[in-house]
Amino acid sequence: MDFSNISLNGPQLESVMYTEGPLLILAGAGSGKTRVLTYRIAHLIDDCGVKPHSILAITFTNKAAKSMRDRVDSIVGGAAQNVWVSTFHSMCVRMLRRFGTMLGYTDTFSIYDSDDVKIVMRDLLKELNIDSKYVKEKAAMGTISAWKNTLTEPEDVVIQDNSFYEQQVLRVYRAYKEYMIKNNAMDFDDLIMNTVKLFKEHPDALDYWQNRFKYIMVDEYQDTNIAQFELVRLLAQKNRNLCVVGDDDQSIYKFRGADIHNILQFEDNYPDAKVVRLEQNYRSTQKILDIANAVITNNKERKVKKLWSDNHEDIAVNYMRYAGGNDEAVGVVSHIRRMHEKGIDYKDMAVLYRTNLQSRVFEEKLIQANIPYKIYGGINFYARKEIKDVLAYLKMFGNSSDDLSIKRIINIPKRGIGDTTVAKLVEFANEQNCSIIEAIDNPFLTASLGKSAAKVASFAESMREFDPSAIKSIKDFTSDIIEKIGYKDYLKTECETTEEYVERMDNINEFLSKAADYDANTENPNLAEFLQEISLLSDIDNLGSTDTVNLMTIHGSKGLEFKVVFLVGLEEGLFPHVRSLYSDDTTDIEEERRLFYVGVTRAMTYLYMSNAKERVNKGQFIRTEVSRFVDEVPPDMLGISHDFLKNNDVMKAMASSPKVSATKKKSPMKTLANPYQLGKNVKADSLDYGVGDRVAHVKFGMGTVKEIIERPKDFEVGVQFDEAGYKKMFAGFAKLKKI
């Protein structure tokens, strides 16, 4: 490979060429780490003669894995298909499908997502007579997950300070482990924990994978937990050709179990490791990086590095302190409109906040300004009820031991099989030490069920119509299930409105589209493989598909970039979060500072930082204090730092454009009437459309006006939208356009 024609800077090229022994690449935000990993893999294959199947690259998201695989493929061609580029979970699934029988699982084990686990927890809490006042499902899930992330088995749990809560959760943990083994199922934490267990208890399995993977690369190493650290350590133990890439300054997932010490102590664990720093940033302007550098240097637990850029565009970073939270949202939306008028697409703008609760006021103002937006971090597509129902059917056909899925769908659609009958089924299955499906086929079951036996038998008979072993198309198989069980008619009875039915059927159709896409890209469609792919999907991978302003938490923005970023709510108690202010762990503030650093470095060209003097909390006006992170920025790095005062429908706004230099004299403030009427709606004298007219809405698309009712403050308009169904809305807010 001729690197003279490839634009890699010095440290990047050094990282690519260093192939033998442990290597730590400290990759600052926007420093081109994916490019480095890609060329490193290509170099190993083309120049070092390494067989592609002996290279393992581990990422944290499916999107990152696909991107890396595609890039390698563009350089080395078909050979890239044999490189294992995978997330931790996907990798473990493949390893356990091959050797899981050593741990007592079959190769068709089910993967339970968080919703599945929640149902199991609910059942176990009832079964163990644990009062929900003391132990909540979600809390139990979190505690058990934390134990698993540290590779702590039930028998190894140490109860802190004789905690009654932990004692009860430990009871649940023991029962949960038994349940999962009996049901031939694993959750996401189990995938990693069981792989580590497999390697430690069965050296021959570990030896197989160590001999397979001579070169291992791990992306986002700062986000690994103890279990993932141990998994990587074991895999790399024999050949020691381990390359980890990460940035301790972007370690923001402590609440998920991530341990920053994995990257900080890499040289302690691998004394002969080489360390390369990637400090040149290819994303942001130097003015943005100056702010990121200034703040993050206040952290003590970090490896020294300083981001720099060749981009010296004279665009100031703007800081604004508004009178109140409402004013902050009005100001942000005003700037969004101005940026859009300058030719910047909505999808290239993002409003980043510390917590989800901050989104509401920005949503309201965006709606009132008729600006399209999308919130990331809502209900995941695959967590919606109708999708969970369809998936449960598919899981049942893929794994007959999956009692959880069978319990979910045995009475969906309604078959007259109630909770009492299901409880008897479960009891009988437990007595016979078999799955529910096996229990249904047991001739002695009839005596236990009485009159319900015929209904259960009818269910079993209807399920025999489907043959998962003869699947040629996942889409056709799924469509067949939906059609034959009468799921569409069931949805009609379940949905309260036509709009709800249309929306839920749209979700079903979208799922079928996903199945069709899988079929088109797979030579031999396989149900287990399809379900595995679905289980490991991430909703945020769909970012940027439409021209909408992006609203998300800073955690959700990790790995993304936007031309314009609004970093809002920079107040003590909000950001940094109040929990960190009162925490006994002093490193919690450092985690918040890293989160600020991540937020700042999402911005490519324009960065707006803001907060409010006061906010309303439970009906009370609370005065706020400016975030310490703002105070840590030298004043001369901020282009504008003015108060924005509230005055009914009038706000004092910035007179200058966003391109004010930090070195120039700040422009004076002047009073501007709010041009977007974000403060309140004013009733129009008349409407330019009537009943029967075709209109367009920014969110719901095309529709026909069905009724107009004059109200004291506004016209109420009823519209039958082509895709979204029937909606009622006030004309002033709807801003319908006649077409």
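The values are calculated or read from the model by the stated rules, or taken from the named source; none is laboratory data. Treat the numbers as computed from the prediction; the structure is a model and nothing was measured. Cβ: placed from backbone, ideal geometry, glycine included. Neighbour counts: every protein chain shown.
For the range 213-230, taking the residues that are β-branched (Val, Ile, Thr) and over 18 Å from the mean Cα position of the chain (by Cα), the one that is surrounded by the fewest Cβ atoms within 10 Å (Cβ to Cβ) is identified as Ile226.
Of the numbered criteria (1) touching a His at 6+ places or on another chain (Cβ under 9 Å); (2) aromatic (Phe, Trp, Tyr); (3) surrounded by fewer than 19 Cβ atoms within 10 Å (Cβ to Cβ), the one Phe381 fails is (1).
Could you list, in sequence order, all residues of the range 253-274 that are out of contact with any helix residue (DSSP H, G or I) (no Cβ under 7 Å at 6 or more places or on another chain) and of a type outside the set (Ser, Thr, Tyr)? Within the range 253-274, Phe255, Arg256, His261, Gln265, Phe266, Glu267, Asp268, Asn269, Pro271, Asp272, Lys274 meet the criteria. Where helices (runs of 4 or more DSSP H) fall wholly inside the range 418-515, the ranges with 1 or more residues that are modelled with pLDDT of 85 or more are 419-432, 436-440, 453-463, 474-484, 487-494. Against the condition in contact (Cβ under 8 Å) with a residue 12 or more places away in the chain and in contact with a Ser or Thr (Cβ under 8 Å, 6 or more places away or on another chain), how does Ser462 come out, does it pass? Here the answer is no, as Ser462 does not meet what is asked.
With respect to Ala140, is the statement that it is crowded, with 21+ Cβ neighbours inside 10 Å, modelled with pLDDT under 95 and not hydroxyl-bearing (Ser, Thr, Tyr) true? Yes.
Only residues that are over 16 Å from Leu607 (Cα atoms), surrounded by fewer than 21 Cβ atoms within 10 Å (Cβ to Cβ) and in contact (Cβ under 8 Å) with a residue 12 or more places away in the chain were counted across the range 289-301, and they come to 4. Residues of the range 32-71 that are small (Gly, Ala, Ser), crowded, with 18+ Cβ neighbours inside 10 Å and either in contact with a Cys (Cβ under 8 Å, 6 or more places away or on another chain) or at pLDDT below 95 (or both): Gly32, Ala42, Ala64, Ala65. Could you go through the range 388-397 and let me know if any residue there is basic (Lys, Arg) and over 24 Å from Phe428 (Cβ atoms). For the range 388-397, residues basic (Lys, Arg) and over 24 Å from Phe428 (Cβ atoms): present.
Only residues that are in a loop (DSSP other than H, G, I, E, B), of a type in the set (Asp, Glu) and surrounded by 13 or more Cβ atoms within 10 Å (Cβ to Cβ) were counted in the range 108-137, giving 1. Looking at Asn262, is it assigned to a helix (DSSP H, G or I), free of Cβ contacts under 8 Å to residues at least 60 places away in the same chain and either closer than 18 Å to Met217 by Cα or of a type in the set (Asp, Glu) (or both)? For Asn262, the condition - assigned to a helix (DSSP H, G or I), free of Cβ contacts under 8 Å to residues at least 60 places away in the same chain and either closer than 18 Å to Met217 by Cα or of a type in the set (Asp, Glu) (or both) - is met. Within the range 202-217, the only residue that satisfies the criterion of being in contact with a His (Cβ under 9 Å, 6 or more places away or on another chain) and in a helix (DSSP H, G or I) is Arg212. Could you figure out which of (1) over 19 Å from Tyr221 (Cβ atoms); (2) outside any loop (DSSP other than H, G, I, E, B); (3) over 31 Å from the mean Cα position of the chain (by Cα) isn't true of Ser74? Every listed condition holds for Ser74 apart from (3). Note on the range 231-252: residues that are in contact with a helix residue (DSSP H, G or I) (Cβ under 6 Å, 6 or more places away or on another chain) and surrounded by fewer than 20 Cβ atoms within 10 Å (Cβ to Cβ) total 2.
Number of residues in the range 568-619 that are within 22 Å of Glu301 (Cα to Cα), of a type in the set (Phe, Trp, Tyr) and buried (at least 22 other Cβ atoms within 10 Å of the Cβ): the value is 3. Selection over the range 4-18 of residues that are part of a helix (DSSP H, G or I) and either without any contact (Cβ under 8 Å) to a residue 12 or more places away in the chain or not assigned by TED's automatic domain parsing to the domain that holds Lys274 (or both) gives a count of 4.
Considering the conditions (1) at pLDDT 90 or above; (2) hydrophobic (A, V, I, L, M, F, W, C); (3) surrounded by 17 or more Cβ atoms within 10 Å (Cβ to Cβ), Ala80 is excluded by exactly one of them, (1). Just one of the numbered conditions (1) modelled with pLDDT of 85 or more; (2) of a type in the set (S, T, N, Q); (3) over 24 Å from Ile252 (Cα atoms) is not true of Thr355: (3). For Asn239, state whether it is more than 27 Å from Val598 (Cα to Cα), at pLDDT 95 or above and in a loop (DSSP other than H, G, I, E, B). It is true that Asn239 is more than 27 Å from Val598 (Cα to Cα), at pLDDT 95 or above and in a loop (DSSP other than H, G, I, E, B). Within the range 430-461, the set of residues being among the small types (Gly, Ala, Ser) and over 16 Å from Arg408 (Cα atoms) comprises Ala439, Ala447, Ser448, Gly450, Ser452, Ala453, Ala454, Ala457, Ser458. Has the range 267-288 got any residue that is basic (Lys, Arg), surrounded by fewer than 22 Cβ atoms within 10 Å (Cβ to Cβ) and part of a helix (DSSP H, G or I)? No, the range 267-288 has no match at all.
Within the range 154-182, the set of residues being of a type in the set (Val, Ile, Thr) and more than 23 Å from Ser435 (Cβ to Cβ) comprises Val157, Val158, Ile159, Val169.
As a summary of the residue check, Ser86 satisfies the conditions (1) within 31 Å of the chain's Cα centre (by Cα); (2) in a helix (DSSP H, G or I); (3) without any contact (Cβ under 8 Å) to a residue 40 or more places away in the chain except for the one numbered (2).
Residue-wise test of (1) in a strand (DSSP E or B); (2) more than 20 Å from Arg256 (Cα to Cα).
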| residue | (1), (2) |
| --- | --- |
| Ala139 | no, no |
| Gly142 | no, no |
| Thr152 | no, no |
| Gln167 | no, yes |
| Met186 | yes, no |
| Lys197 | no, yes |
| Lys200 | no, yes |
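Inside the range 43-58, residues that are more than 22 Å from Leu13 (Cβ to Cβ) and either of a type in the set (A, V, I, L, M, F, W, C) or part of a strand (DSSP E or B) (or both) make up a count of 2.
Would you check which residues across the range 552-567 are closer than 13 Å to Leu595 by Cα and either at pLDDT 95 or above or acidic (Asp, Glu) (or both) and list them? Of everything in the range 552-567, those that are closer than 13 Å to Leu595 by Cα and either at pLDDT 95 or above or acidic (Asp, Glu) (or both) turn out to be Ile554, Leu567. Within the range 146-156, being buried (at least 18 other Cβ atoms within 10 Å of the Cβ) and in contact with a helix residue (DSSP H, G or I) (Cβ under 6 Å, 6 or more places away or on another chain) holds for Lys148, Asn149, Leu151.
Six or more apart or on different chains, Cβ atoms under 6 Å: show the pairs whose first residue is in the range 581-594 and under 12 Å from Gln250 (Cβ atoms) and whose second is of a type in the set (A, V, I, L, M). What qualifies is Arg594/Ile252.
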